[in-house]
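First the structure, in the form of structure tokens, and then the observations on it.
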Amino acid sequence: MKRKELQEHKTKPLAELKKELAELHEKMISLRLDVSTGKVKNLKEFRNVKKSIAQLETIVGFGEKEGKNAS
């Protein structure tokens, strides 16, 4: 995820971020299956999805802690 995208995510409501986080978790599951069956050779995509999930979880955690963007 690029810096510009991270800045955009910081302004989004928590509900939208959680929805995107769920989509990334689904993508991670499908990538995990594809890697185990040998369909995907590029492991960088797997690493990028993991990194994006971690970044979004951090933003969601700060948002919940501060109590803003609760809508």
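Bear in mind that the values in this text are calculations on the coordinates, not laboratory data. Since the structure is predicted, the reported quantities are computational estimates derived from the model, not experimental observations. A quick note on method: Cβ atoms are made from the backbone with ideal geometry, for glycine too, and the neighbour counts reach across all protein chains shown.
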Any idea how many residues of segment 14-65 are of a type in the set (Asp, Glu) and more than 19 Å from Met1 (Cβ to Cβ)? 2
Answer yes or no as to whether Leu33 is at negative phi, in a helix (DSSP H, G or I) and in contact with a helix residue (DSSP H, G or I) (Cβ under 9 Å, 6 or more places away or on another chain). no
Can you spot a residue in segment 1-12 that is outside any helix (DSSP H, G or I), aliphatic (A, V, I, L, M) and touching a His at 6+ places or on another chain (Cβ under 9 Å)? yes
Within segment 27-49, of all residues that are under 10 Å from the mean Cα position of the chain (by Cα) and of a type outside the set (A, V, I, L, M), the one surrounded by the most Cβ atoms within 10 Å (Cβ to Cβ) is Lys27
Before we move on, is Lys12 under 10 Å from the mean Cα position of the chain (by Cα) and surrounded by 11 or more Cβ atoms within 10 Å (Cβ to Cβ)? no
Of all residues in segment 50-69, which are of a type in the set (Lys, Arg), surrounded by 13 or more Cβ atoms within 10 Å (Cβ to Cβ) and not in a helix (DSSP H, G or I)? none
Contact list please: Cβ distance under 7 Å, first residue in segment 47-69 and basic (Lys, Arg), second residue assigned to a helix (DSSP H, G or I) and surrounded by fewer than 17 Cβ atoms within 10 Å (Cβ to Cβ), pairs at least six apart or on different chains. Lys50/Met28
Residue under question is Phe62, and the condition is that it be over 13 Å from the mean Cα position of the chain (by Cα) and among the aromatic types (Phe, Trp, Tyr); does it hold? yes
